[in-house]
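What follows is one structure encoded as structure tokens, with my remarks underneath.
The values are calculated or read from the model by the stated rules, or taken from the named source; none is laboratory data. Quick caveat, the model's predicted, so the values are computed rather than measured. Reconstructed Cβ throughout: ideal geometry from the backbone, glycine too, with neighbour counts over all protein chains shown.
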Amino acid sequence: MASPAHVLLRGVTRIYPARAGRPELHALGPIDLDLAEGEFFAVVGPSGCGKSTLLELIAGLAAPSAGEATFEGRAINGRVPDGVGVVFQEDASFPWLNVFDNIAFGLRHAGGGATEVRSRVDYALEFMGLKEFAGAYPAQLSGGMRQRVCIARTLVLKPRLILLDEPFGALDQQTRLLMGDELLRLWRETRATILLITHALDEAAMLADRVGVMSARPGRFLDVVSTGWPRERDSRIVSSSAFGGLTSRLWTLLRAESLRSLGHAAGQG
Amino acid sequence: MSRVGRIRVLVLLGAVATLEALCRTGVISSFTLIAPSTIVVSTVEILASGRFTADIVVTLRNVAAAILTAMIGGVAIGTLLHGLPATRRVLEPLFATYYAIPVYAFYPLLIVVFGLGDLPQIAIGFLLAVMAVVINTMNGLDRVPAVLLKAARVQRLGPLATAWSMRLPYAAPYVFTGFKLCVAYSFVGVIGAEFITSSRGIGYEIAFAYNNFDNRVMYALIFFILAVVTLVNMSLYAWERRLLARRQR
């Protein structure tokens, strides 16, 4: 990576202090990570390894217990930095607003003028295939469509870093593949840096330039695997032989950790 | 109209027709109740005569003031307490017993504080109504999903903007339940207070008619109040249905 780190983590650790009879919990780290500008980085790991905690630390939704995190050279101190967008696994669409107003929400709060809001929301509606649903309410949409609304709401703010926390976790396999294609298209057009948290190895292998494989809690990177895919790619790569080898390698790295997180001894079962 | 709606209307019409028959045949004495048709005629006559217009205006104005202050105050107090969990923990047991307090017993105190005008009646309406809004506002705010609050932080909303643009809109259906109760309690509070010491207003005129065995006026005013409250509640109900229709998955 010749370009300077867009996101940089050094020794980032998250420890939840003992509270209400529960012992101290070392959730994450220490973690070191460099994300280059415009890179698509995926994180996989066993359940409860701290993947979402890592995303929250980078998003500024939580502060690290130790270590340093920076975005574009500026420290992230538990406040969401300007230029960062987050898409969550859970449905975060606003049920009281129609699709247009959902997408326009952040722009309006940032003080965008009516003309600018309309043009940027129209673009996002078109880009995410939501144009016909501009006046619909989230309750009238499928889970996949609601997630598109949330992605459009992030996209419209032109983030330079997009953090995705298992955004397709609740969707069926076919929809996930198609949404993956849309995400790749979005990544190419916006040239944003993307960090994707996922539990699906095939999703990580298909979408990312590099995949970070995390250990069981406390989560650390066991390895970072380069996928070697060209920037112009889509879900058809899942049928290539290289894809099978890649997911197999990721699973080999992850299997023992997944068993450990489930309470089994590594290597058994 | 739906089948249930038709049945509802039929039951209502049947009850009114039965009452009409019982009154007309003398089974129910006119000292106790006058026939529903007579009540309607009396109501129209009384409204047309303008005899009670000033009282109606006073009562509706005071009820509106009680509703408005209870809605604004209730949402503000509910939001504030939701943001102050320690204070809420201290006060919450008191909320549970709030409606066991006979608010009317404080009427003399309210007169000392607010004087002899309309304010004590508005205060009673407010006191009866405000807690329903406070409790329902807090209930709604408790249900805002954590992911929406995270989304608010990602959109860089401050605490006030989050409360106004995120928490309250999400909690709106619950707050609305509080508003419906607020309207009912405000009518009860203000008209009840007019019964006790006021010298004007619909409550006072009903009590005056009752003391003078003037059933035509008494029932006409009761019917008028019933009609107004039903109309207001039906409007709120229709509005609520529209609000909920957008959100039902």
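Does any residue of segment B:190-200 turn out to be aliphatic (A, V, I, L, M), touching a Pro at 6+ places or on another chain (Cβ under 8 Å) and surrounded by 16 or more Cβ atoms within 10 Å (Cβ to Cβ)? Scanning segment B:190-200, I find at least one residue that is aliphatic (A, V, I, L, M), touching a Pro at 6+ places or on another chain (Cβ under 8 Å) and surrounded by 16 or more Cβ atoms within 10 Å (Cβ to Cβ), so the answer is yes. A:Leu163 falls short on exactly one of the conditions (1) modelled with pLDDT of 90 or more; (2) of a type outside the set (Gly, Ala, Ser); (3) assigned to a helix (DSSP H, G or I), and that condition is (3). Only one of the numbered conditions (1) in a helix (DSSP H, G or I); (2) within 30 Å of A:Gly83 (Cα to Cα); (3) not charged (D, E, K, R) is violated by A:Ile237, and that is (2). Report yes if B:Pro169 is surrounded by fewer than 23 Cβ atoms within 10 Å (Cβ to Cβ) and away from chain A (no Cβ under 14 Å), otherwise no. Criteria not met by B:Pro169.
Exactly one residue out of A:Glu37, A:Glu72 is within 27 Å of A:Gly180 (Cα to Cα), surrounded by fewer than 19 Cβ atoms within 10 Å (Cβ to Cβ), touching a Ser or Thr at 6+ places or on another chain (Cβ under 6 Å) and not assigned by TED's automatic domain parsing to the domain that holds A:Ala152: that is A:Glu37. Residue under question is A:Gly85, and the condition is that it be surrounded by 18 or more Cβ atoms within 10 Å (Cβ to Cβ), within 10 Å of chain B (Cβ to nearest Cβ), of a type in the set (Gly, Ala, Ser) and over 25 Å from A:Arg231 (Cα atoms); does it hold? Taking the combined requirement at face value, the residue does not satisfy it.
When we screen A:Gly67, A:Gly60, A:Gly78 for residues that are farther than 27 Å from A:Asp234 by Cβ and either more than 14 Å from chain B (Cβ to nearest Cβ) or among the acidic types (Asp, Glu) (or both), the only hit is A:Gly67. Checked against (1) closer than 29 Å to A:Gly144 by Cα; (2) in a strand (DSSP E or B), A:Ser93 meets all criteria but (2). For segment A:65-108, a residue qualifies if it is within 18 Å of the chain's Cα centre (by Cα) and of a type in the set (S, T, N, Q), and the qualifying residues are A:Thr70, A:Gln89, A:Ser93.
Taking the criterion of being under 16 Å from B:Asp142 (Cα atoms) and loosely packed, with under 11 Cβ neighbours inside 10 Å, the residues of segment B:78-108 that qualify are B:Pro85, B:Ala86, B:Arg89. Taken together, the criteria exclude A:Leu141 from residues that are farther than 17 Å from B:Gln155 by Cα, assigned by TED's automatic domain parsing to the domain that holds A:Leu107 and free of Cβ contacts under 8 Å to residues at least 40 places away in the same chain. Among the criteria (1) in a helix (DSSP H, G or I); (2) at the interface with chain B (Cβ under 8 Å from one of its Cβ atoms); (3) surrounded by 17 or more Cβ atoms within 10 Å (Cβ to Cβ); (4) of a type in the set (A, V, I, L, M), the one A:Ala139 does not fulfil is (3).
Look at segment A:89-104: where a residue is more than 7 Å from every other protein chain (Cβ to nearest Cβ) and buried (at least 19 other Cβ atoms within 10 Å of the Cβ) and a partner is among the hydroxyl-bearing types (Ser, Thr, Tyr) and in a loop (DSSP other than H, G, I, E, B), sitting 6+ places away or on another chain with Cβ atoms under 7 Å, you get A:Asn102/A:Ser93.
Filtered by the rule that a residue be without any contact (Cβ under 8 Å) to a residue 40 or more places away in the chain and of a type in the set (Phe, Trp, Tyr), segment B:58-113 gives B:Tyr98, B:Tyr99, B:Phe106.
Tell me yes or no: at least one residue of segment B:175-192 is in a helix (DSSP H, G or I), more than 19 Å from A:Asp101 (Cα to Cα), within 14 Å of another protein chain (Cβ to nearest Cβ) and touching a Ser or Thr at 6+ places or on another chain (Cβ under 7 Å). So far as segment B:175-192 goes, yes, one or more of its residues are in a helix (DSSP H, G or I), more than 19 Å from A:Asp101 (Cα to Cα), within 14 Å of another protein chain (Cβ to nearest Cβ) and touching a Ser or Thr at 6+ places or on another chain (Cβ under 7 Å).
One line per residue, one yes/no per condition, for (1) aromatic (Phe, Trp, Tyr); (2) more than 14 Å from chain B (Cβ to nearest Cβ):
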| residue | (1), (2) |
| --- | --- |
| A:Tyr16 | yes, yes |
| A:His26 | no, yes |
| A:Asp32 | no, yes |
| A:Leu55 | no, no |
